[in-house]
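The values are calculated or read from the model by the stated rules, or taken from the named source; none is laboratory data. If you're wondering where the values come from, they're calculated on a predicted model, not measured in any experiment. Here the Cβ positions follow ideal geometry from the backbone for every residue, glycine too, while neighbour counts run over all protein chains shown.
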Amino acid sequence: MTAAVLLLVLLGGWEAYTRLSGIDEFVLPAPTAIATALYEDRSLLWSNFMVTAGEIGLGMLVAIVLGLACAGAIHFSTLLRRAIYPLMVGSQTIPIVLIAPLLVAWWGFGLAPKLAIVALVCFFPIVVPTLDALDRVDADLRKLMRTFGASRWQTFRMVEAPAALPGVLTGAKLSVAIAAIAATLAELAGSDAGLGNLMLKAIPQFETARAFAAVLILSAFSVALFGLLALAERRLIPWAHQPRGTAP
Amino acid sequence: MLTRTRAPEEAPAEVETRLGSVVLRDVAKTFAAPRRGVAPVTAVRDLSLTARPGEIVAVVGPSGCGKTTLLELVCGLTAPDTGTVEAAPAALMAQRDLLLPWRSAVDNAALALRVAGVERGAAREQAAALLRDFGLGGFERARPAELSGGMRQRVAFARTLLSGRTILCLDEPFAALDALTRQEMQEWLASALLAQPRTVVLVTHDVEEAIVLADRVFVMSPRPGRVVAALDVDVARPRRRTDRALVALRERALQELRA
């Protein structure tokens with residue numbers, strides 16, 4: 001509620017400034033101009049949004065699958081932990097801005113380079129909290145499972161994997177926040193469609209309001225995805241949200 | 001040298017009627033230093049102890065005297081450096097209930113059955129029946145967070161019993177509970193073990209708990225731990241903690257501890 005009030009005040013100030021200062025619309029469009037662009041260009045925005053949403057969704061999926069596979073491999077093998085972990089950290093220092101055009105040169109304007117970039121950016125924030133959650137599993141629980149004669153796999157399935165689920169979801173939430181930036185960056189490096197592509201074309205055409213509308217859609221999409229994951233968290237791990245000691 | 005005789009592998013769901021015994025002979029166990037500048041810790045030395053089939057033995061001692069190491073040796077979680085440990089597979093119940101927060105009470109109690117490969121429905125049925133016996137009827141679907149401390153320990157004990165192991169290792173099972181609940185749980189455990197006899201090794205720092213529950217009480221020395229006294233508790237059950245024989249035994253055990 002307070003956030004909504006603050007937002008209204010900020011928007012009002014922005015609108016007043018653009019009207020009173022006489023600033024050019026292609027330098028800073030007024031909120032009403034952005035709203036107009038949002039409405040008038042809706043079919044253009046929608047078709048490009050579908051492209052970018054696909055890149056983000058599929059890229060996240062690739063990141064989650066790869067991230068969980070990596071976390072599992074590192075968890076089960078000390079050798080792999082020593083081998084993969086440093087490489088993984090190293091992979092995060094690759095300057096995306098530099099390799100994005102290279103990937104486009106190798107794989108063309110299609111989906112492949114976008115998926116690679118979104119996955120590369122999103123994968124690390126999934127692996128780290130997942131691994132941390134796996135490492136934090138109570139050593140006494142593992143002992144308990146051993147006295148029951150449980151195999152390594154049974155302990156993983158019944159104890160470690162459910163215990164790691166909150167970590168996986170935390171990682172996914174972190175990833176969602178940066179996936180949109182990664183997709184936009186990938187599109188800027190070379191694409192023929194998508195909201196990033198649209199922004200890139202809108203600025204030289206003096207359609208700044210359209211570029212702002214594209215940004216607005218992208219951030220609304222990220223917020224929605226984040227909300228969806230928070231909802232999934234409540235459904236999948238209700239035990240983490242329950243008050244303790246409510247029984248007589 | 002280690003001789004660990006394991007009972008033939010069979011479905012733990014069927015409780016073996018033949019109860020196992022526990023025999024430790026001249027056991028020593030030293031843990032390597034965790035880092036440089038720290039001396040290695042000899043947890044137990046010259047430790048000998050026997051629990052006959054169906055007997056409840058309690059082990060009392062000052063903190064850090066190797067009581068937990070003793071249980072890990074019995075459960076086969078760690079191997080002795082010297083000496084021998086002979087015990088059928090044992091189930092461990094710890095001070096913390098270690099219930100899985102995402103599983104309901106009945107699914108927590110059925111954990112060992114599920115590990116043994118018992119089908120979900122059958123495992124739940126067995127677990128639910130035992131929970132009802134333990135006064136937890138109606139709480140089968142409750143998550144651990146919705147149960148009180150005493151209830152959680154009862155679920156943990158049901159899980160331990162359903163492992164089908166004939167030897168139970170209880171590591172200060174009620175230490176985390178408040179004094180009143182602890183007394184209730186001690187009486188409850190005594191009656192549960194009367195109904196379903198097991199060979200029990202109970203580790204505790206509560207001398208009264210040891211005397212009230214056990215057939216025999218071993219007093220351990222400070223680290224490196226070994227048995228310095230063994231007291232027989234020949235008092236019929238159900239026992240009253242104010243019974244004069246029990247009070248006298250408690251005094252003796254306390255004297256041995258101070259010695």
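Key figures
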quantity	calculated
Positions within segment A:39-53 being farther than 12 Å from residue A:218 by Cα, in contact (Cβ under 8 Å) with a residue 12 or more places away in the chain and not hydroxyl-bearing (Ser, Thr, Tyr), in sequence order	A:41, A:44
Qualifying residue in segment B:210-221 (condition: part of a helix (DSSP H, G or I), over 12 Å from the mean Cα position of the chain (by Cα) and at pLDDT 90 or above)	yes
Breaking point among (1) surrounded by fewer than 20 Cβ atoms within 10 Å (Cβ to Cβ); (2) within 12 Å of chain A (Cβ to nearest Cβ); (3) closer than 28 Å to residue A:234 by Cα, for residue B:141	(2)
Tally of residues being without any contact (Cβ under 8 Å) to a residue 24 or more places away in the chain and closer than 14 Å to residue A:58 by Cβ across segment A:87-115	2
Single unsatisfied condition, residue A:167 versus (1) surrounded by fewer than 18 Cβ atoms within 10 Å (Cβ to Cβ); (2) more than 10 Å from chain B (Cβ to nearest Cβ)	(1)
Residues within segment B:76-120 that are farther than 28 Å from residue B:140 by Cβ and facing chain A (nearest Cβ under 10 Å), tallied	3
Filtered residues of segment A:126-147 (kept if outside any loop (DSSP other than H, G, I, E, B), more than 10 Å from chain B (Cβ to nearest Cβ) and among the hydrophobic types (A, V, I, L, M, F, W, C))	A:126, A:127, A:128, A:131, A:133, A:134, A:139
Lone unmet requirement of (1) buried (at least 21 other Cβ atoms within 10 Å of the Cβ); (2) part of a helix (DSSP H, G or I); (3) more than 13 Å from chain A (Cβ to nearest Cβ) for residue B:44	(2)
Residue satisfying condition, being of a type in the set (D, E, K, R) and either free of Cβ contacts under 8 Å to residues at least 12 places away in the same chain or within 14 Å of chain B (Cβ to nearest Cβ) (or both), within set A:207, A:187, A:233	A:233
Selection from segment A:194-213 of residues that are under 15 Å from residue A:43 (Cα atoms) and among the basic types (Lys, Arg)	A:210
Residue satisfying condition, being surrounded by fewer than 20 Cβ atoms within 10 Å (Cβ to Cβ) and closer than 30 Å to residue A:224 by Cβ, within set A:133, A:189, A:161	A:161
Among residues of segment B:211-254, those that are among the polar types (S, T, N, Q), farther than 22 Å from residue B:69 by Cα and either outside the structural domain of residue B:49 (by TED's automatic domain parsing) or surrounded by 16 or more Cβ atoms within 10 Å (Cβ to Cβ) (or both), counted	0
Number of the condition not met by residue B:257 [criteria: (1) free of Cβ contacts under 8 Å to residues at least 40 places away in the same chain; (2) in a helix (DSSP H, G or I)]	(1)
Residue, farthest from residue A:152 (Cα to Cα), within segment B:144-170, restricted to residues that are more than 12 Å from every other protein chain (Cβ to nearest Cβ) and among the polar types (S, T, N, Q)	B:153
Residue match in segment A:148-158 (condition: crowded, with 22+ Cβ neighbours inside 10 Å and within 14 Å of chain B (Cβ to nearest Cβ))	yes
Segment B:166-197 - residue that is among the acidic types (Asp, Glu) and part of a loop (DSSP other than H, G, I, E, B) and, of those, farthest from residue B:98 (Cα to Cα)	B:178
Out of A:54, A:22, A:67, A:108, sole residue that is surrounded by 11 or more Cβ atoms within 10 Å (Cβ to Cβ) and on the phi > 0 side of the Ramachandran plot	A:108
Pair list, Cβ under 8 Å, 6 or more apart: segment B:137-154 residue closer than 14 Å to residue B:102 by Cα, other residue β-branched (Val, Ile, Thr) and surrounded by fewer than 18 Cβ atoms within 10 Å (Cβ to Cβ)	B:145/A:246; B:146/A:246
Residues (of a type in the set (Lys, Arg) and farther than 29 Å from residue B:31 by Cα) located in segment B:213-259	B:237, B:239, B:240, B:241, B:244, B:250, B:252
Criterion (in a helix (DSSP H, G or I) and buried (at least 24 other Cβ atoms within 10 Å of the Cβ)) met by exactly one of A:100, A:183	A:183
Residue B:54 being in contact (Cβ under 8 Å) with a residue 60 or more places away in the chain and in contact with a Phe, Trp or Tyr (Cβ under 9 Å, 6 or more places away or on another chain)	no
Entirely in segment B:60-129, the helices (runs of 4 or more DSSP H) that have 1 or more residues that are in the same structural domain as residue B:220 (by TED's automatic domain parsing) and surrounded by 22 or more Cβ atoms within 10 Å (Cβ to Cβ)	B:67-74
Residue B:126 within 14 Å of residue B:108 (Cα to Cα) and not small (Gly, Ala, Ser)	yes
Qualifying residue in segment B:132-143 (condition: assigned to a helix (DSSP H, G or I) and within 30 Å of residue A:157 (Cα to Cα))	yes
Tally of residues being of a type outside the set (D, E, K, R), out of contact with any Gly (no Cβ under 8 Å at 6 or more places or on another chain) and buried (at least 20 other Cβ atoms within 10 Å of the Cβ) across segment B:165-192	7
Selection count, segment A:25-37, where residues are touching a Phe, Trp or Tyr at 6+ places or on another chain (Cβ under 9 Å) and outside any loop (DSSP other than H, G, I, E, B)	4
